[in-house]
Every structure is written in structure tokens, then in C-alpha cells.
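Since every read-out is calculated from the coordinates, none of them should be taken as a lab result. The structure presented is a predicted model; accordingly, all values stated were derived computationally and were not measured. Every residue, glycine among them, receives a Cβ derived from its backbone with ideal geometry; neighbour counts consider all protein chains shown.
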Amino acid sequence: MFTSGSPPGEKELRELYEATASLLVRIAWRIAGTEEAAEDIVHEAFIRLIEKKIPFPSLDDAKFWLIRVVKNGALNHAKRKGREVRAYEKWWQGERVASDPADRDLLRSETEGEVRALLERLPEKLRSVIVLKEYGEMSYREIGKVLGISEGNVKVRAFRAREALLAMLEENKDVS
């Protein structure tokens, strides 16, 4: 069991994981909206627990700490996704010209081609992050390992790449 003054060992971590993992995933899923994001958030919370080596007096104290970390991580994820959705919607609203499904499909394929062309204009360090995230469907942590940079740096590059793409899309829309 948990002992005051020392961080949880392997046995305690396993016990904590078995006692809380399903609850934590449900919490994260409800806030973040996807199972994949929820699982990533929960795993990140356990990694933080291991890295911080926090001593907890009881299983419940550790559980409540994890719930707070998961809740905050899921809220941050949801905010980030919300910003991305609003940025893309803003751009799409300006491009909405036809309600005919065939026209929409044509517009979508033209836009996808335009986005691919704009991706090529991005600096390699930004392009590689977006390609791995959006097309490779990799997590920020996985991208960081692949590129040999920190997860935080991956997030910054992804944000900058999206902002640059949005600016280029707006610029192209103004030119047309």
C-alpha cells in the first residue's frame, strides 16, 4: 500500500492504475471527445506521476491527484481543438459558395489540393510536424520522439504551422 514519505513503487502504481484507469479514461473521453485523446491524456498523467515521484499517503490521494491532472489535460486538449476548429471554420465560412453536394465535393478536393500545395511552402520543421500529426495521426509525444524534440516543441511547431497555413489560405482567398 502507499506509504507516507515515499513515492509509489511498481506494485503501488499497478494497483493505482487498475483502480483508476477506466474512471480516468471516461473523464478524459467526456471532456476531450475522443477515445484516443482520452487514452493519451491518461497515459501522460501516469507518466507525470512517475516522473514527479510524489509521495501519497493513500490510494485515494493519488487517485484525486490523477483526476485533477487528467481533467486539466483534457480541458487543455479541448481548448486547443476548439481553437483549431474555429480557425478552420472561419476559413471555410469564407469559402462556402455552393450547397450542391457535387459542388461541395469539388470544392473540398480543390481545397485539399490547395492545402497540400501550401504545405510544401512551409519550412520543413513545421511541415514535418503537421504531416506526422494530421496525415500520420501520431500523438505529439510520438512526433517528438521521431523528430528528436520535446513534446512542447512539437505543440509549438504544430500551432505555428497551422497559423501559417491559415494565413496563406487567407492570402490566397484575397488574391482570388
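In this structure, does ILE67 turn out to be touching a residue at least 24 places away in the same chain (Cβ under 8 Å), out of contact with any strand residue (DSSP E or B) (no Cβ under 7 Å at 6 or more places or on another chain), surrounded by fewer than 17 Cβ atoms within 10 Å (Cβ to Cβ) and of a type in the set (Val, Ile, Thr)? Let's see the steps before the verdict.
Working: touching a residue at least 24 places away in the same chain (Cβ under 8 Å): yes; out of contact with any strand residue (DSSP E or B) (no Cβ under 7 Å at 6 or more places or on another chain): yes; surrounded by fewer than 17 Cβ atoms within 10 Å (Cβ to Cβ): yes; of a type in the set (Val, Ile, Thr): yes.
The answer is yes for ILE67.
Quick one: what pairs do we get from region 136-156, first residue without any contact (Cβ under 8 Å) to a residue 60 or more places away in the chain, second surrounded by fewer than 17 Cβ atoms within 10 Å (Cβ to Cβ) and in a loop (DSSP other than H, G, I, E, B), C-beta under 7 Å, 6+ apart or different chains?
What qualifies is GLY144/SER150.
Kindly indicate which of LYS125, LYS133 is in contact (Cβ under 8 Å) with a residue 24 or more places away in the chain and more than 14 Å from the chain's Cα centre (by Cα).
Details: LYS133 fails: more than 14 Å from the chain's Cα centre (by Cα).
Testing whether each residue is in contact (Cβ under 8 Å) with a residue 24 or more places away in the chain and more than 14 Å from the chain's Cα centre (by Cα) leaves just LYS125.
Being of a type in the set (Gly, Ala, Ser), closer than 20 Å to GLU142 by Cα and assigned to a helix (DSSP H, G or I) narrows it down to one residue among ALA28, ALA62; which is it? Can you show your working first?
Values: ALA62 fails: closer than 20 Å to GLU142 by Cα.
On inspection, the qualifying residue turns out to be ALA28.
Name the residues in region 127-154 that are assigned to a helix (DSSP H, G or I), of a type in the set (A, V, I, L, M, F, W, C) and closer than 22 Å to GLY73 by Cα, would you?
VAL129, ILE130, LEU132, ILE143, VAL154
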